[in-house]
Structure formats: structure tokens, C-alpha cells
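Q: Structure below; questions to follow.
The values are calculated or read from the model by the stated rules, or taken from the named source; none is laboratory data. Quick caveat, the model's predicted, so the values are computed rather than measured. Every residue, glycine as well, gets a Cβ built from its backbone with ideal geometry; the counts of neighbours run over all protein chains shown. When the accessible area is computed, the model is the full protein with side chains, heavy atoms only, and any ligands, DNA or RNA have been set aside. Shrake-Rupley method; radii C 1.70, N 1.55, O 1.52, S 1.80 Å.
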Amino acid sequence: SRRCGLAAGRSYSGGGAYPSVSLTCPLPGVPKAVFAAAEGRERFETRVTVLESGLRVASQNKFGQFCTVGLLVNSGSRHEAKYLSGISHFLEKLAFSSTAQFGSKDEILLTLEKHGGICDCQASRDTIMYAVSADARGLDTVVNLLADVALQPRLSDEEIEMTRMAIRFELEDLNMRPDPEPLLTEMIHAAAYRDNTVGLNRFCPVENTDKIDREVLHSYLRNYYTPDRMVLAGVGIEHEQLVECAKKHLLGAEPVWGSGQTKDVDRSVAQYTGGIVKVEKDMSDVSLGPTPIPELTHIMIGLESCSFLEEDFIPFAVLNMMMGGGGSFSAGGPGKGMFTRLYLNVLNRHHWMYNATSYHHSYEDTGLLCIHASADPKQVREMVEIITREFILMAGAVGEVELERAKTQLKSMLMMNLESRPVIFEDVGRQVLATNTRKLPHELCALINQVKSTDIKRVVTKMLHKKPAVAALGDLTDLPTYEHIQAALSSKDGRLPRVYRLFR
């Protein structure tokens, strides 16, 4: 027998002859192929419709059988100044429990299962998000479910008690984790925005778990769960269909807590204060076992950047990517960020540093650029000097190669993340909630391309004039004082004052 693809005329085992046909010419008698083509860029734009109640409906087209639809509310821990801290944490845990239509969480999950659906709720400092991914043909059921979960929760005594137990367990787990990142993030925000807005605790304090009940929750929901503070966002469905579902299930819907006049809405603007939050903690038994994690002291130093609504947000995002960093045992090449400054200048030069990572938190009215570093408690002073020096060096010369690498990596990360439908959904919802519109990926990439080294220097110079925010966790015996850290950031080389080094 002969294999397919040999020269024309060769025999198969069947004995027939294969005709001589060119692979570059159309086959005779076969209709001309019509290929699918994009119908212009407008097909991929985010469409927004505002209903009579003030509710915004936003959608993004995306091919596929499944869709992601959710309700985003302008409500979070930053709005709890007039309430007990921890309400948003409770609402996150209580989401997708029993409602007016559904007797239990199991009923909700069974309803979603019919459409291959899953659900989730996430609360942050400024937003709470109820989301469902399911077959697009079940859109009406999904929107009906979201409306019921957000506006008609039963909040039974049994559910609230179970939530109290879950939150207590989560708080204990948070303090026992080897990775201190969530704790440090809370601490740096508390230091940077002392007792206001985004500086308020995202997690419910233990002492408040028994104080939060249905009455407290209803009082909060009455003020913040109003249509003008909500966005119904969807990815993978037709806009007109989503608008119709919103009108059917959300327009004029009466919440279970009533529709009284809102009176305690907190519209405070974030006030950056700077400062230090220290937590002395024995980290020697964080991870026991045959290969325990070394005892480390963790430091996070931050400075105010800008909100995501300002033009400087893009240069700050590029700067954060340029700093990069990670753990001392990370492996990989340029795509992993091994050529970022915190790798080249810190981790590669100081073998005793276990971690050096840059983070950029940005909100509607402020932002925070910070560096997290970890090392042995005996080397805290050197670690602080090294990190403050990196902040000072940000204002120096920026190499063309490292700038282009950071811009390329930022664009790559942006486009890669936006391959995921749930990520597109969150991006659509958050942007429309904050600005009533959405910048598309190609617009963001164009803005990234425009960033120059002078832009980086300009935003860093402005940032370095602010007081630092410092979070410290672990054995803090050798930690420099806040005044010394502030003085080091004000110096030309980031070094701690000489008096400290000699007489500490």
C-alpha cells in the first residue's frame, strides 16, 4: 500500500489512481468559500445604556457559548466610616444565600447547574461584585437570580451565625499563613490613610462579628444598594437582550429593606496621611515541618501615587512594571520579569533578601505605590536602606531599553489578562462604574506607547515629596524609626542618618 500525499498517479491499496490536482487552485465545481470577517471595530466596543432609575447596563461582545454577567455596586469597606467596620466582609460571605425566590444556597446552585453556571461574590475597598458565568441561553434566569440575590436576601439568623463562624475562621487563618501579603496590604493602607476611606479595614474585626446583625446590614444596604450606584455588566451577550432583562428584573424592583431616603452615604475623598503601622509577631513557628520557612521580618514602604482617573496613572503603571521584583527563588527569563530593577539591583546583589516586590494600588481618588521586602530580622536596617535607595533611584535616569521592556511587558500582561471572559467582565464593570465609559485595550496600549522617560521622572519627583507609609511585621528589634526612614527617603542616596547607624 502507498501513503496519501505521494505523487499523482501512484496506486493505493484499492487499486485506483489519484488524479493530479494543484493545491493552489480552486477545486472544479466547488462553490467559492466565504470567510468570516470582523465587522469593524465598533463590534467590539463596550455599549452602555442608562435606565430611568439610574442603573447602568454595560455589555461587551465576545464570541462563545458562555457569558459572564454580574452586578457591581459602588460599596465597600471605604464606605463604612459611619457604620461598624466589617459589613462588606459579611455581605461577601452572605452572598448567594437564601432569597425571596430561593429557599437556600443549594437551590441557587441547582438553578445555575441547569445552565452550566457558577457564581461568586467579591468585596473590595470600593466595590462589591456579584457575578455568574453560565450558558448565554440562560441569561434571563441569571439576571433574575442576580436581582434576587442583591435586592431580596433573607439574611436569616442561621445564615448570619454561620457567616460569623466563617469570618472568625478566616481571621485566624489570615494570622497563621506563611504568606503575610494580605496582612501587609491592610497595614500599609491603614498607615497611608489613617482612619479614613481606603485606610479602613477590609476584614471584619473580631470584636465586631457579634455586633453585626440583620438590622445593621439593612441600614447599610438601604443607603448603598441604590440603582444609581449599580452597574449590570455582561460579556458574551447581545446588549439589547441584557437591557431587556435589566428592565424586566431590576427596573422598579423593590428591595427587601424598603426604598427609603438615603441619608448616610459617605462621599469622603481619600486623605493621604502617611505614617507607620507595626505588628510585633513571632514568625519562627509560622511554618513547621521537615523544611520550615525561615523566620523573616517583612517591611512594606509606600508613597502616594495617583488615582486611575488621572493621566499619570499610565506612567505609574509602567514604573511599577519597571520595578517588578518577586521572590529570591523565582525562576524564568525576561518574560518572568527577571530583568526588572528589583531583581537586578536587589535580589541578584543581596543573597540574604528573600523577597522584593513592587505593587501599585489605585482607586478613584488616590493611589499607592509600594515595595514589599523580606529578610532575616538581624538585617532589617540594611533592607530598609536598600528599599529606600530604590525609591530615590526611581527619579534618576531611565534607560531606553528598560523602559521599552517595561512598556512591552505591561501591554503583554494587559492583553493576556483580557483573554479571560471574567476579567473582561470585571474590567467593563469597574470602568463603567467609575467613569460611565470604558477605555478599550487598543486605547490603553496607545497610551502606554506614549510614555517617555521624562514622564517617569516627573511622576516620581512628585511622589517623593510625600511622607512615606510604612508597614512592618515580625521581629522589629532593629527596625529604624519612622523619622529615620522619612529622612532616608529625603536624602540623595536613600541612606539612613549617620547618627542612627552609629548609636542605634
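Q: Here are some conditions: (1) closer than 17 Å to Glu159 by Cβ; (2) open to solvent by less than 10 Å² (accessible area, probe 1.4 Å); (3) outside any helix (DSSP H, G or I). Leu221 meets all but one. Which one does it not meet?
A: (3)
Q: Output the qualifying pairs, or none if there are none: Cβ atoms under 9 angstrom, residues six or more apart or on different chains, first residue in segment 405-420 and loosely packed, with under 14 Cβ neighbours inside 10 Å, second residue in a helix (DSSP H, G or I) and modelled with pLDDT under 95.
A: Final answer for the pair search is Ser412/Gly335; Met415/Pro441.
Q: Give just the number: which of (1) among the hydroxyl-bearing types (Ser, Thr, Tyr); (2) outside any strand (DSSP E or B); (3) in contact (Cβ under 8 Å) with a residue 60 or more places away in the chain does Tyr343 not satisfy?
A: (3)
Q: Restricting to segment 62-108, give me the number of residues that are of a type outside the set (Ser, Thr, Tyr), touching a Gly at 6+ places or on another chain (Cβ under 9 Å) and under 24 Å from Val198 (Cα atoms).
A: 5
Q: Additional query: Scan segment 440-464 for residues that are within 23 Å of Arg194 (Cα to Cα), touching a helix residue (DSSP H, G or I) at 6+ places or on another chain (Cβ under 9 Å) and open to solvent by 20 Å² or more (accessible area, probe 1.4 Å) and jot them down.
A: Answer for segment 440-464, where residues must be within 23 Å of Arg194 (Cα to Cα), touching a helix residue (DSSP H, G or I) at 6+ places or on another chain (Cβ under 9 Å) and open to solvent by 20 Å² or more (accessible area, probe 1.4 Å): just Leu464.
Q: Follow-up question, since we're still on this one. Looking only at segment 108-153, which residues are assigned to a loop (DSSP other than H, G, I, E, B) and closer than 22 Å to His79 by Cβ? Before the answer, list the steps.
A: The initial filter retains those residues of segment 108-153 that are assigned to a loop (DSSP other than H, G, I, E, B), namely 114-117, 124-127, 152.
Matches in segment 108-153: Ser124, Arg125, Asp126, Thr127, Gln152.
Q: Can we say Val279 is surrounded by 19 or more Cβ atoms within 10 Å (Cβ to Cβ), on the phi < 0 side of the Ramachandran plot and either among the hydrophobic types (A, V, I, L, M, F, W, C) or modelled with pLDDT of 95 or more (or both)?
A: Answer is no for this residue.
Q: Please verify whether Ser97 is assigned to a loop (DSSP other than H, G, I, E, B), open to solvent by less than 40 Å² (accessible area, probe 1.4 Å) and among the polar types (S, T, N, Q), treating the condition exactly as stated.
A: So Ser97 passes the test.
Q: Name the residues in segment 239-276 that are outside any loop (DSSP other than H, G, I, E, B) and either touching a residue at least 12 places away in the same chain (Cβ under 8 Å) or crowded, with 16+ Cβ neighbours inside 10 Å (or both), would you?
A: Within segment 239-276, His239, Gln241, Leu242, Val243, Cys245, Ala246, Lys247, Lys248, His249, Gly275, Ile276 qualify.
Residues are listed down the side, and each one gets a yes or a no for (1) hydroxyl-bearing (Ser, Thr, Tyr); (2) in the same structural domain as Asp195 (by the TED database); (3) over 21 Å from Thr437 (Cβ atoms):
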position: Tyr225; (1), (2), (3): yes, yes, yes
position: Asp228; (1), (2), (3): no, yes, no
position: Val235; (1), (2), (3): no, yes, no
position: Glu240; (1), (2), (3): no, yes, no
position: Glu244; (1), (2), (3): no, yes, yes
position: Trp257; (1), (2), (3): no, no, yes
position: Asp264; (1), (2), (3): no, no, yes
position: Ser268; (1), (2), (3): yes, no, yes
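Q: Given the criteria open to solvent by 10 Å² or more (accessible area, probe 1.4 Å), in a loop (DSSP other than H, G, I, E, B), over 30 Å from Arg267 (Cβ atoms) and in contact with a helix residue (DSSP H, G or I) (Cβ under 9 Å, 6 or more places away or on another chain), does Phe63 qualify?
A: For Phe63, the condition - open to solvent by 10 Å² or more (accessible area, probe 1.4 Å), in a loop (DSSP other than H, G, I, E, B), over 30 Å from Arg267 (Cβ atoms) and in contact with a helix residue (DSSP H, G or I) (Cβ under 9 Å, 6 or more places away or on another chain) - is not met.
Q: Could you identify the single residue in Val423, Val380 that is assigned by the TED database to the domain that holds Pro468, more than 14 Å from Met323 (Cα to Cα) and touching a strand residue (DSSP E or B) at 6+ places or on another chain (Cβ under 8 Å)?
A: Val380
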